[in-house]
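Nothing in this text is a laboratory measurement; each read-out follows from the coordinates by a stated rule. Remember, it's a predicted structure, so these values are computed and weren't measured experimentally. Cβ sites come from the backbone with ideal geometry, for glycine too, and all protein chains shown count toward neighbours.
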Amino acid sequence: MLKIRITEQFALDVETQKALGQDLDRIKPIIEDLAHQRELPLYCCDNPIPGTWGRWNCKIGFDWWLLYKCDAMAGTITLERTGSVKDLFE
């Protein structure tokens, strides 16, 4: 099992998603799957982010994404950001 780490920005993003009415119970099983190195459901569209070694994005719901870094050598998953495409990339 990989250790889950979170960034300060991720914690702020979670609070923003909560304030927007997102169901945070939707992200929990995905984080558990990542920690246990299980394959994510197909709807998550789990993909590496081009040009950012070890960084991935996956879909939580309609226009709700999770950005994370997987470091199997260190045994960690770092949850970096969560939010809409606009929140994350603009």
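Can you spot a residue in region 39-53 that is in contact with a strand residue (DSSP E or B) (Cβ under 9 Å, 6 or more places away or on another chain), of a type in the set (A, V, I, L, M) and assigned to a helix (DSSP H, G or I)?
no
Only one of these conditions is not met by residue 82: (1) more than 16 Å from residue 5 (Cα to Cα); (2) in a strand (DSSP E or B); (3) touching a Leu at 6+ places or on another chain (Cβ under 7 Å). Which number is it?
(1)
Mind counting the residues in region 1-25 that are in contact (Cβ under 8 Å) with a residue 60 or more places away in the chain and either surrounded by 15 or more Cβ atoms within 10 Å (Cβ to Cβ) or in a helix (DSSP H, G or I) (or both)?
10
Any residue at all in region 26-43 that's surrounded by fewer than 15 Cβ atoms within 10 Å (Cβ to Cβ), among the small types (Gly, Ala, Ser) and under 13 Å from residue 4 (Cα atoms)? Break it down into steps so the answer makes sense when it comes.
As a first pass, look at region 26-43 and keep what is surrounded by fewer than 15 Cβ atoms within 10 Å (Cβ to Cβ): 26, 28-29, 32, 35-39, 41-43.
Checking which are among the small types (Gly, Ala, Ser) leaves us with 35.
Next, from what is left, pick out any that are under 13 Å from residue 4 (Cα atoms): 35.
So far as region 26-43 goes, yes, one or more of its residues are surrounded by fewer than 15 Cβ atoms within 10 Å (Cβ to Cβ), among the small types (Gly, Ala, Ser) and under 13 Å from residue 4 (Cα atoms).
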